[in-house]
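The structure under discussion appears below in the form of structure tokens.
The values are calculated or read from the model by the stated rules, or taken from the named source; none is laboratory data. Everything numeric here is computed off the predicted structure, so don't read it as measured data. In this analysis, Cβ positions are derived from the backbone assuming ideal geometry, glycine residues included, and neighbour counts consider all displayed protein chains. Note: areas computed on protein heavy atoms with side chains; ligands, DNA, RNA excluded. Shrake-Rupley method; radii C 1.70, N 1.55, O 1.52, S 1.80 Å.
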Amino acid sequence: MNVSRRWLEAFLRRDLEVHDVVERLAMLGAPVDAIEPLHADLADVIIGLVEEARPHPNADRLRLCLVNDGTAVRRNVVCGAPNVLAGRKYPFAPIGAVLPGDFTIEKRKIRGETSEGMLCSARELGLGQEHDGILELETEAAPGTRLLDALPLSDDRIVVDVTPNRPDLLGHKGIARELAASYGTPYRLPPIPGAAVAGVAAPRRAEGQSTTVDGVRMAIDDPAGCPRFLGAVIRGVKVSRSPAWLADRISAIGMRPINNVVDATNYVMFELNQPMHPYDIATLRGPSVIVRRARDGETLVTLDDVARTLTDAMTVIADDGGAIGVGGVMGAAHVEVSERTSDVFLECAAFEPRRIRRTRKALGLSTEASHRFERGVDRWGAPDAIRRCIDIILATAGGTMAEVPADLWPQPTNPARIFLRPTRVTQLLGVDFPWSTLEQYLLAIGATVLAKPDDGRMAVDVPGWRPDLQQEIDLIEEIARLHGYNNFPDQLGPYRPTDIEDDPADRAAARVRAGLITQGLFEAQSLPLGSSEGMQSVRVVNPLSAEEGFLRQTLTLGLLHAVEANWSAGVGDIRLFEIGTVFSARGPGERPHEEVHVAAVITGAREPAHWSGGGKSELADLWDLKALFEAAIALAVPDGRLQVDKTEFVAIAPDGREVGRARRLDANVPAWASAVYGLELVLDPAPRGGARFQAMPVTPASKRDVALLVGGGTTAAQIEAVLRRSTGRLLEAATVFDEYRGEKVPSGTRGVGFRLTFRAPDRTLRDEEVDAAVARAVQSLERELGVQLRAT
């Protein structure tokens, strides 16, 4: 999309700096591909005042002029134009000036007279096609003033990269709307020089699919291809060259001015993104203008003088004799407006985008109109567009209108209404916008906002020029875009993409992951493939290699490979963990059994080296593994406990199942490295109760130590359960502080020391109460478990 900086300035009523405009458009999602300064090659041209103009003494068709160029010296200029008069101002190119086409002005003799510069025509300056006479200037600027400073000629053509979902940016009004939101200023349509103050009346809505406007019948026979069709008749126009302001606007966007009627339609197309087409009524058969399906094999010579064969999948504009234009693409050559035209039918339509896209591709004919129609125009804004075009035609070509424009819209619709939840905006963008700010952003894009505070929503009627806004998320994207992506905080806050809770297994994994990280471990991820680990290994049907032909049964082996890789790189202090799925085979034809495990390995230093330790650190040992295993059990197995089995530690679930082990691992340890310890246990996805606050006690505790003689099959957990049940709420804690196995206790038994802590929340306990509670506990232990007091 070619955009004129001066045209935008007319919308915004302010001067614009082109690089600032480019930066703002890029931040708004409309990057600029190029900036093309216009008329920069006129920088050397100045205002010249002709003080004297007389015939050339040696040539009948030449004149000798005395030009005031703002200096004390007057310049002799030989000129062949007949319209040069003394006392008038003209563009003057002094010696050394470079004109468009890289033409340098030199001092030269013409028929014996020296010419010290050149008075320029519009064609020589690249400002038009007129070359019969010198361009006369109506300006108060003093002689010697730069032409670009005296006249509004300097401009910048901004080439905007418009994405297919933003057809509104294919018009200057759409670009101005974006910049107005960025600058925080209003915008409005530029005035039309010479236009009537009242303007054209609103179109008349016609019933059905056909009507007549000032003797011309208009109809829609293909409402699927053309939902809305407007038409107007202007009689008595004088088709000629466009006035300077209109021609300059058309030239500024890279188009060639044609005549005042055609240029008016092109002006509105590039201003409001609404293509229109004028027809010479004298060439219309009927006269009628009908939107219908093309007949298969129907032919038409378009404005580019190419005969085209149509199909019944295309929409055409036709009169009573046949097609006069490919709908939304290009008109026919025999009905175009020319200098002989006096009566004009102006067509304004909204075509179905997909139909236009297929037609354009089938004909291999891409035009400015098809580019817009296949992306979608604002069918609700068509009445304003046709009135704008009529104003320009009446102001530049004259003529009269006997009737107001007619509007055929068989099935009227309204733009989409979307409900926006401010809470959803906050959830997705991480910023709590006030309602007033949200309304400000939505109004800036042209939406109508109706607040619904009862249910915490906004009803947003999107504008017709934004067909891309269809869902709530689209409005949220607009708010983020207008707020400015660079204005959002860098920190990521907590968020949830949906209202669905996380899977319990995911929550459990996250809990374990966070806990092991606080233990100083780093998370690792290993491949779930490896060699066979036993009879229950699951074979892969099409393995990547012989070494990766089975699914893993444990995580520890993969972590051990990671340790060996670190050793090969000279790293000896290693603390890794992994959370992943392991597999074991079931019966023939059954899917493998899957479990989520947690595994960890440690080797090397117990803690990072610190200057306070003299540069040395003790090595991790079996007791560090025990502490880590206890922490892992607390995280992964709710209410699980640790049990010692010779040189290994075992994790026991509340139901008595073994769910994990920790031990020293067998590995090919380098001479300089230390032993490797590992643990692995099943991750229990059962929900965990949240931490609850408990105030510090305000009454003193009373402690008693009891030595018990326990049978080999009785566990400490069983003893603690009996102690709590028999002592009631007074028992605050029961912890094991000693265990004895040896000659001083009978065979098959062991001595276990328990420290019992008693406390009442509201008073200080008396010794008699505590002793009675201990006696009840001992009796219950002997009766239920056969546990007796041990003689000391």
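So between residue 426 and residue 743, what do we pick up on full extension, going 0.36 nm a residue minus the alpha carbon distance?
107.0 nm
Quick one: the Cα spread of region 749-792 along its three principal axes, in angstroms, biggest first?
Over region 749-792, Cα extents along the principal axes are 40, 19, 16 Å.
How large is the accessible surface per residue of region 706-787, computed with a 1.4 Å probe and reported in Å² as a whole number?
On the way: 4660 Å² over 82 residues.
Ligands and nucleic acids excluded, the figure is 57 Å² per residue.
What number, in nm² with one decimal, is the all-direction average of the projected area of the convex hull of the alpha-carbon atoms of region 441-521?
One quarter of the hull surface, i.e. the mean projection, equals 8.9 nm².
Above 24 Å lies some portion of the pair distances; for region 180-324, what is it as a whole percent of all C-alpha pairs?
46
Work out from phi, with θ = phi - 60° and the Karplus expression 6.51 cos²θ - 1.76 cosθ + 1.60, the ³J(HN,Hα) of each residue of region 738-745, listed in order in whole Hz, and give x for Gly and Pro.
Once rounded to whole Hz, the list reads 7, 9, 10, 10, x, 6, 7, 10.
From the convex hull of the Cα coordinates of region 631-678, what is the mean projected area in square nanometres? Present the calculation step by step, with values, prior to reporting the outcome.
Working: hull surface 16.2 nm².
Across all orientations, region 631-678 yields a mean hull projection of 4.1 nm².
Please compute the Kirkwood hydrodynamic radius over region 88-191, one decimal place, Å, based on all pairs of different Cα atoms.
Hydrodynamic radius (Kirkwood, Cα pairs) of region 88-191 is 17.5 Å.
Enumerate the amide H contacts of residue 315 below 5 Å, restricted to partners 5 or more residues apart or on another chain; note that Pro and chain-start residues carry no placed amide H.
294, 327
Roughly to the nearest percent, how much of the accessible area of the chain is carbon and sulfur, given a 1.4 Å probe? The partial results should precede the final answer.
Details: 20370 of 40690 Å².
Heavy-atom surface of the chain belonging to carbon and sulfur, 1.4 Å probe: 50 percent.
Obtain the nm distance between the two label points defined at residue 647 and residue 624 by a simple spin-label model: each point lies 7 Å from its Cα along the Cα-to-C-beta direction.
The modelled label-to-label distance comes out at 1.9 nm.
For region 172-235, treating each Cα as an identical point scatterer without solvent, what Debye log10 I(q)/I(0) comes out at q = 0.18, 0.19, 0.21 1/Å?
The Debye formula, applied to the Cα set alone, gives -0.87, -0.89, -0.92.
Working from Cα positions, state the angle (0 to 90°, nearest 10) between the long axis of helix 767-785 and the longest principal axis of the chain.
Roughly 80 degrees between the two axes.
Taking the Cβ of residue 382 as the center, what net charge do the other residues with Cβ under 10 Å away carry, scoring Lys and Arg +1 and Asp and Glu -1?
Here the count lands on 0.
Once fully extended, how much extra length lies between residue 95 and residue 311, figured as 0.36 nm per residue of separation less the alpha-carbon to alpha-carbon distance?
The residue 95-residue 311 span can extend by a further 71.6 nm.
Summing Lys, Arg as +1 and Asp, Glu as -1, what charge do residues with Cβ under 14 Å from the Cβ of residue 631 carry, residue 631 excluded?
The answer is +3.
Identify, among 416, 440, 430, the residue whose Cα sits farthest towards the positive end of the charge dipole of region 362-455, taking +1 on the Cβ of Lys and Arg and -1 on the Cβ of Asp and Glu, with the dipole about the Cα centre.
Final value for the positive-end residue is 430.
For region 389-514, with every protein chain kept in place, what is the accessible area per residue (1.4 Å probe, Å²)?
With all protein chains present, region 389-514 gives 55 Å² per residue.
Output ³J(HN,Hα) for region 52-66: one whole-Hz value per residue in order, computed from phi by the Karplus curve 6.51 cos²θ - 1.76 cosθ + 1.60 with θ = phi - 60°, and x for Gly and Pro.
8, 9, 9, x, 6, x, 10, 8, 6, 9, 10, 10, 10, 10, 10
Taking the Cα centre as origin and putting +1 on Lys and Arg beta-carbons and -1 on Asp and Glu beta-carbons, what dipole magnitude results for region 338-459, to the nearest 20 debye?
Details: 17 positive and 15 negative charges, 148 e Å.
That gives region 338-459 a dipole magnitude of about 720 debye.
For a quick check: with amide H placed at 1.01 Å from N, whose amide H comes under 5 Å from residue 303's, ignoring anything fewer than 5 positions away on the same chain?
Close amide H contacts, sequence-distant or interchain: 331, 333.
Among the trypsin sites (Lys or Arg not before Pro) within region 539-648, which fall in a DSSP loop and have no more than 12 other Cβ atoms within 10 Å of their own Cβ?
586, 616, 646
In debye, nearest 20: dipole of the chain around its Cα centre with unit charges on the Cβ of K, R (+) and D, E (-)?
Computed about the Cα centre, the dipole is about 780 debye.
Placing one identical point scatterer on every Cα of the chain and ignoring solvent, what is log10 I(q)/I(0) from the Debye formula at q = 0.05, 0.06, 0.08, 0.10 Å⁻¹?
So the normalised log intensities work out to -0.57, -0.70, -0.88, -1.10.
Looking only at the chain, where both bridge partners belong to it, what percent of the DSSP beta bridges are antiparallel (to the nearest 5)?
95
Near the amide H of residue 258, under 5 Å away, which other amide H atoms are found, from residues 5 or more places off or on another chain, if H is placed in the peptide plane?
263
Place the peptides 168-177, 362-371 in order of packing, highest mean first, counting for every residue the other Cβ atoms within 10 Å and averaging per peptide. Can you show the working numbers first?
Values: 168-177: 24.4, 362-371: 17.2.
Top of the packing list down: 168-177, 362-371.
Can you give the log10 of the normalised intensity I(q)/I(0) at q = 0.19, 0.20 Å⁻¹, computed with Debye over equal Cα scatterers of region 317-467?
One equal scatterer on each Cα of region 317-467 leads to -1.23, -1.30.
Which loop-located GluC sites (Glu not before Pro) does region 548-614 contain, where loop means any DSSP state but H, G, I, E or B and the Cβ has at most 15 other Cβ atoms within 10 Å? Write out the running numbers ahead of the final one.
Working: sites: 548, 564, 578, 590, 594, 595; in loops: 590.
Filter output for region 548-614: 590.
Over region 192-351, what is the relative contact order in percent, taking alpha-carbon pairs closer than 8 angstrom and at least six residues apart?
29 percent.
Measure nothing fancy, just the Cα-based angle from helix 382-397's long axis to the longest principal axis of the chain, in degrees from 0 to 90, nearest 10.
It works out to around 30 degrees.
Of 386, 229, 576, whose Cα points farthest to the positive end of the dipole of the chain (charges on the beta-carbon: +1 Lys, Arg; -1 Asp, Glu; origin at the Cα centre)?
Value: 576.
Please express the Cα-Cα pair-distance distribution P(r) of region 592-641 as a list of whole percents, one per 10 Å bin, running from 0 to the bin with the greatest distance.
Taking every Cα pair in region 592-641, the percentages come to 21, 36, 27, 13, 3, 0.
Under a 1.4 Å probe, what is the accessible area of region 97-163 per residue, stated in Å²?
55
Using θ = phi - 60° and the Karplus curve 6.51 cos²θ - 1.76 cosθ + 1.60, what whole-Hz ³J(HN,Hα) does each residue of region 412-418 get, with Gly and Pro shown as x?
x, 9, 10, x, 5, 10, 10
What residue among 153, 137, 165 has its Cα farthest toward the positive end of the dipole of region 135-182, where the charges are +1 on Lys, Arg and -1 on Asp, Glu, each on the Cβ?
The residue sitting farthest along the positive end of the dipole is 165.
Count neighbours as other Cβ atoms within 10 Å of each site's Cβ, and list the trypsin sites (Lys or Arg not before Pro) in region 64-144 that are DSSP loop with at most 14 such neighbours.
107, 111, 123
Just want to confirm a number: the relative contact order over the chain, from Cα pairs under 8 angstrom separated by 6+ residues, in percent.
Here the relative contact order equals 8 percent.
Net charge around residue 445, counting only other residues with Cβ within less than 14 Å of its Cβ (Lys, Arg = +1; Asp, Glu = -1)? Write down the numbers at each step before the final one.
Values: positive: 166, 173, 177, 466, 481; negative: 168, 178, 378, 439, 461, 468, 474, 477, 478.
Residues near residue 445 contribute -4 overall.
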